[in-house]
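Each remark here refers to the structure printed beneath this line.
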Amino acid sequence: MNVLVTGGAGYIGSIVVEELLKNSHRVAVLDNLSTGHRDSVDNLARLIEGDIKDQQLVEQTLTENNIEAVIHMAGSSQVAESVLFPEKYYDNNVVAGKVLLDAMRATKVQKIVFSSTAAVYGEAERQPIVETDKLEPTNPYGETKLQFENELRRNHEEHGLGYVSLRYFNAAGASKNCGERHDPETHLIPMVLQAALGRLPHINIFGDDYPTRDGTCVRDYIHVIDLAHAHVLALNSLDGVAAAYNLGCGGRGYTVREVIDAAREVTGRSIPEAITGRRQGDPAVLIASSERISRELGWKPEFQDLGVIISSAWEWLRQNGFE
Ligand code: UFG
């Protein structure tokens, strides 16, 4: 298939591009490089530097590359930032997304896979979370992702758009060539590894008074390659479909302390820690049921072990001059 990946120069996007190429798809990437990196995009993909808010550019990109489906990953994705700058999130995640949908309609591209998030659930009433649980985001990031999911449903009902929303839990790890390098970095695993490298004096633990097995938050970490693989499966299911799937590994999840301990084991380094207060907006536990995507699309995670996930991130950091 000829596929356009918006945001394909980002952390998850670049690994989705690799997976698509491995599966013989032809890939164009549209990315404004505001947070992505030119050198993360595989040479076999065509990178177009530009914004999805530019409808003319999007239409031209769709037409020139004979695009049959879009994987829409461009957007803003930091919970804390979204609380400070909600308009930015509305603009990048909703308004820009609508421009993309208009361009798709104008050029008769009828298939889209969307990067959504566990943040659409807010404070879940039960774990593991299933897709039919209530959607009550507690921050503008989750709210804007949900608004775009609703926009997709409207386009499905009114124009027959085929779409799949993939609700990511905690993506982590790296492929051989691409890893996580946000600026500033906020995610737990890369922060812990920065502390292992001595680039941070210690890792801050945001709260140890949660009602969990060791007082720290539990999250469902999913290897970014398994996550990317789900996009390839979703692509093949898009004909006239309207679906949302959770993507996590399920099980018991891991606490912040368990992540730090696993990183000590993987790296063989001492990783100093400091307990600080809770981070605003952090739910105590977030665990996915990914049963629906397993049943309907045959998705199966290959790298569930936390040590394997952390090792891949560690290898990538060391091979890319972070030590
Ligand atoms: N944490 C720390 N110290 C740090 C960084 C994180 O203790 O330096 C803790 C957080 O408080 C949280 C856990 O580690 O309990 C994981 O935090 P991340 O920032 O790595 O990830 P989040 O769970 O906050 O965010 C993820 C996705 C978001 C999504 C959100 C849903 O990255 O896109 O889950 O709540 F919106």
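The values are calculated or read from the model by the stated rules, or taken from the named source; none is laboratory data. Please read all numbers here as calculations on a predicted model, not as lab measurements. FYI the Cβ positions are ideal-geometry reconstructions off the backbone, even for glycines, and counts take in every protein chain you see. The accessibility values were calculated without ligands, DNA or RNA, using every heavy atom of the protein model including side chains. Shrake-Rupley method; radii C 1.70, N 1.55, O 1.52, S 1.80 Å.
Report, by chain and number, residues whose modeled amide H sits under 5 Å from the one on residue 47, excluding near sequence neighbours (fewer than 5 apart, same chain).
29
Karplus couplings for segment 90-106 from phi (6.51 cos²θ - 1.76 cosθ + 1.60, θ = phi - 60°), rounded to Hz, Gly and Pro as x?
Result, rounded to whole Hz: 5, 5, 6, 9, 10, 4, 5, x, 5, 4, 4, 5, 4, 5, 5, 5, 5.
Name the long-range amide H neighbours of residue 116: under 5 Å, sequence gap of 5 or more, or other chain; modelled H, no Pro or chain starts.
166, 167, 168
Once the Cα gyration tensor of the chain is found, what semi-axes does its equivalent ellipsoid get, as square roots of 5 times the eigenvalues, in whole Å, sorted largest first?
Semi-axes from the Cα gyration tensor: 31, 22, 18 Å.
What percent does the relative contact order of segment 115-169 come to when contacts are Cα pairs within less than 8 Å and at least six residues apart?
46 percent
Per Stokes-Einstein, at 25 °C and 0.890 mPa s, what whole-number D in µm² s⁻¹ belongs to segment 108-222, with the Kirkwood radius over Cα pairs as the hydrodynamic radius?
Answer from the Stokes-Einstein relation: 145 µm²/s.
Going by amide H atoms built from the backbone, whose H comes under 5 Å of the H on residue 242, apart from near neighbours?
163
From the square roots a ≥ b ≥ c of the eigenvalues of the alpha-carbon gyration tensor of segment 192-246, which class results: rounded (a/c under 1.5), prolate (a/b over b/c), or oblate?
Oblate is the answer for segment 192-246, as a/c is 1.5 or above yet b/c matches or exceeds a/b.
Which order do the peptides 198-209, 236-247, 26-37 take when ranked by the mean count of other beta-carbon atoms within 10 Å per residue, highest first?
Per-residue Cβ counts within 10 Å, averaged per peptide and sorted highest first, yield 26-37, 236-247, 198-209.
Rounding to the nearest 20 debye, state how big the charge dipole of the chain is about its Cα centre with +1 on each Lys and Arg Cβ and -1 on each Asp and Glu Cβ.
300 debye
With every protein chain left in place, what is the accessible area per residue of the chain in square angstrom, probe 1.4 Å?
44 Å²
Report the charge-dipole magnitude of segment 140-271 in Debye, nearest 20, computed about the Cα centre from +1 at each Lys and Arg Cβ and -1 at each Asp and Glu Cβ.
Dipole of segment 140-271, to the nearest 20 debye: 360 debye.
Go through 119-130, 160-171 and give me the packing order, highest mean Cβ count within 10 Å leading.
Top to bottom by mean Cβ count within 10 Å: 160-171, 119-130.
In whole percent, and with a 1.4 Å probe on the protein chains, what portion of the accessible area of segment 1-159 is carbon and sulfur?
Accessible surface attributable to carbon and sulfur in segment 1-159 totals 46 percent.
Each residue of segment 182-194 in turn: what ³J(HN,Hα) in whole Hz from Karplus with 6.51, -1.76, 1.60 and θ = phi - 60°, glycine and Pro shown as x?
7, 9, x, 7, 10, 6, 4, 4, x, 5, 4, 6, 4
With each run of n ≥ 4 DSSP H residues scored as -39500 (n - 2.57), what mean residue ellipticity at 222 nm is computed for the chain after dividing by its residue count and rounding to the nearest 500 deg cm²/dmol?
After summing the helix terms and dividing by the residues of the chain, the value is -11000 deg cm²/dmol.
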